[in-house]
Amino acid sequence: MKKFKIRKVLDGLTAASSSSSATAQPGAPRENDVVQETLQSEHFQLCKTVRHGFPYQPSSMAFDPVQKILAIGTQTGAMRLFGRAGVECYCQHESGAAVIQLQFLINEGALVSALADDSIHLWNLRQKIPAILHSLKFSRERITYVHLPFQSKWLYIGTERGNIHIVNVESFTLSGYVIMWNKAIELSTKTHPGPVVHISDNPMDEGKLLIGFECGVVVMWDLKCKKADYRYNYDEAIHSVAWHHEGKQFVCSHSDGTLTTWNIRAPAKPAQIITPHGKQPKDGKKPEPCKPILKVEYKTTRAGDPFMVLSGGLSYDTVGRRACLTVMHGKSTAVLEMDYPIVDFLTLCETPYPNDFQEPYAVVVLLEKDLVVIDLGQIGYPIFENPYPLTIHESPVTCCEYYADCPAELIPALYSVGSRQKRQGYSKKEWPVSGGNWGQGTQSYPEIIITGHADGSVKFWDGSALMLQVLYKLKTAKVFERTRGKEEKPSTDIVEEDPFAIQTLSWCPESRILSVAGVSAHVIVYRFSKQEVTTEVVQLLEVRMQGEFSDGDSPDPGGEQTPTLPTPAASSSPQEGELPTQPSTGSNSSDGPRDNIPCLQVRSSPLKQSPGYQVELVTQLVWVSGEPPQPITSLAINSSYGLVVFGNSNGLAVVDYLQKTLLLNMGTSELYSPSDPYQRQPRSPRKQRQPSGALCDSNDGPNPSEDRCKSPTSGSTSPCNSDDDRKQNFIEKVKCKSRRFSKTVAHDFAKMSRKISSSDHDAKDNSFTRSRSSSVTSIDRESREAISAFHFCESFPRKNDSLVSPCLLVGTTQGAVMMVALSLPPGGDQRLQQPVGISSCGTMASLKGAILTMALLDATGALLPPSYESWYDPNASDEDKEKTRRRRPASPPSSQEGQDSQFAVLCSEKQAKVLAMPSQTRIYKHNITESSFVLRTDVVQMAGTYCIACFCANGHIMTLSLPSLRPLLDVNYLPLTDMRIARTFGFSNLGQALYLTSATEIQRITYSQETCDNLQEMLSELFTPVETPEAPNRGFFKGLFGGGAQSLDREDLFGETAAGKASRSLAQHIPGPGNMECMKGAASGVVGDLARARIALDERGQKLGELEERTAAMMSSAESFSKHAHVMMLKYKDKKWYQL
């Protein structure tokens, strides 16, 4: 796993940088007077954690039958390893070349991968983050097939030239033993046999190697004698070969849909030729050729008939039929249809030994977009229930939200309603891929990931402890009428491939209220209930939102005062003066433009709603004078106020979902007060009506498919007579080409293209000036100011206010932030009867770029979250509701006169600002980026406090402290190469973030130093010590007469002493980073040991020196003692005892 070095930013030097400066306004409090901040750059570090989902573009597969680990390689050089549920691992080859084959060193904790760039790699799986130990890069030959016999250290490598090389997997060195193609085939053969497509050793004789060439020739090679024993010729090309476990027969699959069975001692002709899916003609002729059988496996059972499993081989008249896996068992043949094309399959067997009865129990089928495991032990071959989160891409993901540290009861509640949605008919056996162990994670907080999809579904996932499990699936399309049948031709007015695609969503975890906005300009509010209910009539609200400049006459909003309380009628609109050019009856007539018609039709029949999320209200924007509604660009819901607000390029609408009424429908320009210094006046010099030219006449009937593809900021089409128009024309083409995926993607792509292509213009346009263009339409397009962000809060609506009250912050694409005051009636019955008052309070601030996020902090720097209502079951009895229902939290303390008690945090695509409230004075400002723009930003919790996390289009991930906006982290992590990343990137609390790295995979990352430090403990373990099963018993007679398996000392054949050295120019050995790390670790350990030993030796030398001195002194004293003793002995030598 790659860790990214962080460019630490010295906290004391931030003021010196002009581009990243937190400037204080004159008269504003000094930094140390505001809030004591605890976050430092040492709290942050960026690294990848785990990757979930189905491997994108899979290409190969392998299984370790002892460790029970499954490995999948992809066309992008990635490897995914799977064990039991929750045990997953992701690895990536640096070259990015496709993985053409994988081979486990069974029960050794290692894996060999062969890549399309003619390199092979040895992976160490005994560590939590697998690493490459050795690599070997072939330079003169292309690798086509690899084979590693069980319990062997010699790897056979077949090449495109037809040669076979042998590699020692321990040292990753080439043996001098080479099987050349011209020695393997008959000398009389005039043509090259083609690439090697198969290598395997005889199960009963390791000294005999079976080599399959693409042309149809199979050779039995004697490794000891270095010659071909037998050659088997067939007219059709070979795709795969499979052995019978006794080593007397093998089966080949061919390109004409036939299977040939050969006896090894009868090479003249096949023992049997069958065409599993061929029609047998009555006159005895050859059956009609079929599609190639891409792979065959031949597995024996002790008690019954063998299994033959194959993919492909269908007859050519089955055009349009889905891919099939065929299971032949005895006289029965089962054809199992798959949802996607088959990439590879493996038959799982009870024994790893190829010379024993195989006893197959399951087949793992790798499809292009799914992984299926079939139970061979039950009648009908049911599939196992897949425990992995591989269904992220079931429908393309259009939006993604990440919630860390959710209420603890949410996951059990979602799981209980989601468990009822599970399919029936699965195999009753345990999932066969059961290896590995879970990590010992210290993270105990609940994490929920929500994904919105192109088919209108919303999925809730449990993302706790670095795992991922689907909890619940909501289908929003059920609210609408079904699409017309094939015989009934749909209307050509709306050509929409994904009309229910989720554009954005807003979720309140505490109240469990969910609001989703779809690509067809619809907003649905859902409540969570544990009881089933049947809704007779779905509550519907239709809203007519008109742009500032439409085909009719535009009222001048500059002189209008925003109404404090609009009439809460379903279709009310402040733009009452705007009338359609032709009388409209609300129908789609061919002789006039569409008007007052929604894009989708809500179902009229009763709707049965299962426990879970149930529809509360559907709001739809309608067509206006032949123009389709603009896509919804922002959405927010508040359970405490009972309001949902959404906006687009025409303005915003506030809906009371409790009273089912529209409270406000207002153009963006009307939010500005008349004396507002930030106000954008209408800039278009458009005339009242134009019969042709820049505007589409109502009689022309604009192409609705093009209208549906329009960007939220684009206007009508016009001749390309300026650079701006050429850019826009290119963007429109890009969007329309992108329609086959989702309209959401198209809009995002257009938005990104517009920003990237006009980045030079943005650099010059820091003062919000408009580009002057000769095209009237381009001026209109630029003048479209869309709503980009909302935030419900309790704050001070106006500068002179001293009491907080419910408010709504509104951010626009032009960088304006406006305050809207909300006047809520008392709770209970009065809330359902009295209307909610709304008044615009003008602009608070203006920033460069579109507003992305807004938040409020209290005086201590803690986040003030929007108020919420605790969850209660809407279908429960009134008494139960009152018990569980609690009013929204009390308002924060009011501000003293002349004192600021809140901070407003505002963040746009370019800047971040912090304002003191209620004075609305700017106290901090930070320019996040000059050359790029921010794609996603959130105010998140980190280490007990809060900060801003940003992801820029140039790939930088940054964090800023709050409220002083000091840069704490800036890492060049991921350059924006895919619109999918921009659309799905999201930050969450406690240093977590994620994005869709491919169409099928979610990548999770962390920017927390603490999580990075604990990552090793949290990750799952792939390798677990398991004893290898005992080898099959040869039996008395087989041992007596030599009928058992024949072993081979490969070291004697392939070692350097016997085979010599291989050519150095054939392949280059590259030590892997894992090996280098081990060597570095070992080296550092050795260096440390040497240093310690040297110190110990010095100390020992000193002690030895002292000991030597002592010894010398003792020796001298002993010598003197000896002399004295000798003198005494001579003195008393001749004297008698009585003379002493």
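The values are calculated or read from the model by the stated rules, or taken from the named source; none is laboratory data. Note that this is a predicted model, so its numbers are computed, not measured. Backbone-built Cβ (ideal geometry, glycine too); neighbour counts: all protein chains shown. The protein model used for the area step is the full one, side chains on, heavy atoms only, and it has no ligands, DNA or RNA in it. Shrake-Rupley method; radii C 1.70, N 1.55, O 1.52, S 1.80 Å.
Details
- With all protein chains in place and ligands, DNA and RNA left out, the 1.4 Å accessible area ranks Lys48, Lys224 as Lys224, Lys48, largest first.
- Largest accessible area first, the residues Trp221, Trp438 order themselves as Trp438, Trp221 under a 1.4 Å probe with ligands, DNA and RNA left out.
- When the pairs Lys282/Lys331; Lys190/Lys279; Lys422/Lys475; Lys153/Lys227; Lys660/Lys799 are compared against a 25 Å limit on Cα-Cα distance, Lys190/Lys279; Lys660/Lys799 fall above it.
- Solvent-accessible surface (1.4 angstrom probe) belonging to Asp305, in square angstrom, nearest 10: 80
- Rounded, prolate or oblate (a/c below 1.5 giving rounded, otherwise prolate when a/b exceeds b/c) for region 384-488 by Cα gyration tensor: oblate
- Applying the criteria of a DSSP loop state and at most 16 other Cβ atoms within 10 Å to the trypsin sites (Lys or Arg not before Pro) of region 382-457 yields Lys422, Arg423, Lys428, Lys429.
- At the residue level, Asp455 shows approximately 70 square angstrom of accessible surface with a 1.4 angstrom probe and all protein chains present.
- With DNA, RNA and ligands ignored, accessible area of His1126 (1.4 Å probe; Å², nearest 10): 100
- For the peptides 1012-1023, 786-797, the ranking by mean Cβ contacts within 10 Å, running from highest to lowest, is 786-797, 1012-1023.
- Note on exposure: Met1128, Met328, Met666 ranked by accessible area (1.4 Å probe, complete protein assembly) read Met1128, Met328, Met666, with the most exposed listed first.
- Cβ-based charge dipole, region 383-469, positive-most Cα from Tyr403, Trp431, Trp461: Trp431
- For region 131-165, the set of trypsin sites (Lys or Arg not before Pro) satisfying both a DSSP loop assignment and a count of at most 14 other C-beta atoms within 10 Å is given as Arg140, Arg142.
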